[in-house]
Amino acid sequence: MKEAPRIVTRDALEHDVWGDERPDSDALRTHIHALRQALDKPYPFAMLRTIPGIGYKLVNSDEEN
């Protein structure tokens, strides 16, 4: 949230959440899915955007890429 609307890389997210003790599994994907359920489902547009090959960003309207 503090970086919005800037793109946050997957590596940066993993480091912020797990530090140097990153899990062997793809736990970030599970957490991103849960976050999408909370952020995107109740609203008419997706606020959590995936930037392929880079990371994620939060937007506050359907018009922002």
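Structural remarks
- Heavy-atom accessible surface of the chain, averaged per residue, reaches 76 Å², computed with a 1.4 Å probe.
- Ordering L39, H15, G55 by Cα displacement along the dipole of the chain toward the positive end leaves L39 in first place; charges were set at the Cβ atoms of Lys, Arg (+1) and Asp, Glu (-1).
- Calculated [222 nm] ellipticity per residue, helices only, for the chain: -10000 deg cm²/dmol; basis is -39500 (n - 2.57) per DSSP H run with n ≥ 4, divided by all residues, nearest 500.
- Exposure ranking of V59, V17 by accessible area [1.4 Å probe, largest first]: V17, V59
- The chain gives an Rg/Rh value of 0.98, both radii derived from C-alpha positions and Rh following Kirkwood.
- Solvent-accessible surface of protein heavy atoms, probed at 1.4 angstrom with all chains present, puts D40, D11, D20, D26 in the order D20, D11, D26, D40, largest first.
The values are calculated or read from the model by the stated rules, or taken from the named source; none is laboratory data. Keep in mind that what you see is a predicted model, and the values were worked out from it rather than measured. Heads up, the Cβs are rebuilt from the backbone with ideal geometry, glycines too, and the neighbour counts pull from every protein chain shown. Heavy atoms of the whole protein, side chains included, go into the accessibility calculation; ligands, DNA and RNA do not. Shrake-Rupley method; radii C 1.70, N 1.55, O 1.52, S 1.80 Å.
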